[in-house]
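As structure tokens, the structure follows; a few thoughts come after it.
The values are calculated or read from the model by the stated rules, or taken from the named source; none is laboratory data. What you see is a predicted model; the values in this text were computed from it and never measured. Counting neighbours? That spans all protein chains shown, and the Cβs are built from the backbone with ideal geometry, glycine included.
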Amino acid sequence: HKFEAGVRYDSEYGPGGRLGYDYYNLFNRGYIGSLVVDTDKYETTLAAGISQPRKNNGHYFTSNVSYTRSTTQNLEKHALGSGIWRVRDRNNIESRIGIEFLTESRRVPDTDYDLGRSHATMLTASWKRQEIETTLRPENGYYLDGKVGATIGSLLSSTAIARAKASAGYYFTPENKKIGTFIARGQIGYVYARENKEVPSTLQFRTGGATSIRGYELDSIGLAGPNDSVLPERALAVASFEYQYPINKSFSAAVFHDMGDAALNFKQMSLKHGTGVGVRWFSPVAPFSFDIAYGHQDKKLRWHISLGTRF
């Protein structure tokens with residue numbers, strides 16, 4: 001048995017909490033059953049899953065079902081999703097093939113703007129490789145992560161959809177570690193569907209925030225909607241460049257520049273830029289980042305806090 005509980009506080013979202021439970025011997029055959037409740041003022045997620053024990057060749061089956069209620073950038077969303085995947089996890093490479101179902105309703109609160117309900121049943125495949133020397137203080141290595149999926153026409157879907165998303169990152173530290181660490185990251189994604197056909201917003205893209213383009217609010221870059229809302233779009237491109245200068249064994253100073261956009265297609269993109277400085281604390285638990293960034297487009301200074309490494 002494993003039980004976990006946590007509380008958090010976000011400067012925008014207020015207090016939140018998480019409860020999780022794992023049981024490691026379902027059906028007396030070593031299957032793993034999981035339950036998770038995660039909630040705050042603007043988002044609540046309930047999820048349950050079952051995973052097969054991992055075989056000695058790295059293969060196993062896993063499945064889950066989840067419900068999410070969220071309001072971000074004045075877009076209210078209720079989504080129910082489920083899926084089953086065959087996973088292969090060996091030698092720092094994880095690959096998945098499966099089928100996923102998503103149904104979703106969304107609207108802009110305090111308006112008559114209702115985006116209705118949409119759904120999709122997709123065959124998906126994903127591949128992830130991570131070759132990082134140490135995740136507690138990444139200095140050299142790279143990661144690659146990609147996922148593609150498509151519906152079978154309009155079968156059990158609102159419309160025919162094809163989706164692809166990929167991300168990558170590279171860390172480089174010269175042999176003389178006093179020089180510091182250079183980091184480059186990128187994300188790209190695109191959703192194809194017939195024009196004027198509704199696509200679940202979970203499959204589309206918004207960007208901005210501590211883990212994408214710093215200097216902007218979370219998910220504030222996308223399609224401007226009514227009542228100051230930000231709606232997701234079908235294309236995404238983000239790039240980030242960062243330099244970390246070591247102060248001592250546990251701390252580094254950082255300077256960075258992020259840029260990207262979410263738009264209907266790549267031709268219509270107008271890159272949003274964010275530039276800033278920060279501090280990295282490589283704690284025994286996980287890297288801790290504090291950043292202050294300037295958003296060039298809205299000419300505002302914002303601060304961001306994040307825990308963990310972005311990969």
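Just a few scattered comments:
- Single unsatisfied condition, T44 versus (1) buried (at least 17 other Cβ atoms within 10 Å of the Cβ); (2) of a type in the set (V, I, T); (3) closer than 27 Å to I221 by Cβ: (1)
- Among the residues listed as G33, G20, G16, the single one being without any contact (Cβ under 8 Å) to a residue 60 or more places away in the chain, in a strand (DSSP E or B) and under 25 Å from P200 (Cβ atoms): G16
- Conditions (1) more than 30 Å from R106 (Cβ to Cβ); (2) exposed (fewer than 15 other Cβ atoms within 10 Å of the Cβ); number of the one not met by Y67: (1)
- Filter result for F101 (surrounded by fewer than 17 Cβ atoms within 10 Å (Cβ to Cβ), assigned to a strand (DSSP E or B), hydrophobic (A, V, I, L, M, F, W, C) and in contact (Cβ under 8 Å) with a residue 40 or more places away in the chain): yes
- Of all residues assigned to the stretch 18-38, at least one qualifies as being under 19 Å from the mean Cα position of the chain (by Cα), surrounded by fewer than 17 Cβ atoms within 10 Å (Cβ to Cβ), not hydroxyl-bearing (S, T, Y) and not assigned by TED's automatic domain parsing to the domain that holds T151.
- When V238, V199, V255, V148 are checked against the criterion of being within 19 Å of K77 (Cα to Cα) and either of a type in the set (V, I, T) or part of a strand (DSSP E or B) (or both), a single residue qualifies: V199.
- Members of the stretch 63-98 that are in a strand (DSSP E or B), farther than 26 Å from I132 by Cα and polar (S, T, N, Q): S63, N64, S66, T68, S70, T71, T72, S82
- Residues of the stretch 104-125 that turn out to be assigned to a strand (DSSP E or B) and in contact (Cβ under 8 Å) with a residue 12 or more places away in the chain, as a count: 15
- Qualifying position, being touching a Lys or Arg at 6+ places or on another chain (Cβ under 8 Å) and either free of Cβ contacts under 8 Å to residues at least 24 places away in the same chain or not basic (K, R) (or both), among G153, G146, G225: G146
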